[in-house]
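S.K.: Below is one structure. I have some questions about it.
The values are calculated or read from the model by the stated rules, or taken from the named source; none is laboratory data. None of the values given here were measured: they were computed from a predicted structure. Using ideal geometry, Cβ is built from the backbone for each residue, glycine included, and neighbour counts are taken over all protein chains shown. Accessible surface areas use protein heavy atoms only, side chains included; no ligands, DNA or RNA. Shrake-Rupley method; radii C 1.70, N 1.55, O 1.52, S 1.80 Å.
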Amino acid sequence: MAADFVTPLIKAGVDLLTQTLAYARRILGKRKYERLLSTTIAELLKEHPDINQAKARLAAIETTGVAPSPDLLRAKSMLKAVESQSKREKKKRKPGKVKRRKTAPVKARR
């Protein structure tokens, strides 16, 4: 029964958001509209539990088709580095045999 109550509200909210963005496009210029749209998408994506703020912002910028800037490329590489570092830290080393370096036998002097 709860889904029946929520579904019309979601549709009304999306329709209102669409009309607001269309109005903003007419009033604002193209660049300001793209920035507003990107911010709106990022805010909506932040509500997802598996998406953090950085991922949401990058996804919004890519979705709106804004030309990639050096800052965007730097942010992507930094996010990728942070994610790979956190994966490495999560991996636990298995306790096992300790590798010992083999040394050559010492020859006696004559």
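S.K.: Provide the packing ranking of 17-23, 38-44, i.e. peptides ordered by the mean count of other C-beta atoms within 10 Å per residue, highest first.
M.R.: Per-residue Cβ counts within 10 Å, averaged per peptide and sorted highest first, yield 38-44, 17-23.
S.K.: Taking the Cα-to-Cβ direction at Glu83 and at Ala12 and moving 7 Å from each Cα, how far apart do the two end points lie in nm?
M.R.: So the two model labels end up 3.8 nm from each other.
S.K.: Suppose the chain between Lys55 and Leu21 were pulled fully straight at 0.36 nm per residue; how much longer would it get relative to their current alpha carbon spacing?
M.R.: Stretched fully, the Lys55-Leu21 segment lengthens by 10.0 nm.
S.K.: Any aspartates and glutamates with Cα under 19 Å of the Lys30 Cα? List them, leaving off those in the same chain fewer than 8 positions away.
M.R.: Glu62
S.K.: Return the subset of Lys32/Lys55; Lys32/Lys87; Lys55/Lys90; Lys32/Lys90; Lys11/Lys80 for which the Cα-Cα distance in this structure is over 30 Å, preserving the input order.
M.R.: Numbers: Lys32/Lys55 21 Å; Lys32/Lys87 37 Å; Lys55/Lys90 20 Å; Lys32/Lys90 41 Å; Lys11/Lys80 35 Å.
Too far apart for the 30 Å limit: Lys32/Lys87; Lys32/Lys90; Lys11/Lys80.
S.K.: Here's a follow-up. For the pair Phe5 and Leu73, how long in nm is the line joining their label points, each one 7 Å along Cα→Cβ?
M.R.: 5.2
S.K.: Using a 1.4 Å probe and ignoring any ligands, DNA or RNA, find the accessible area of Glu62 and quote it in Å² to the nearest 10.
M.R.: 100
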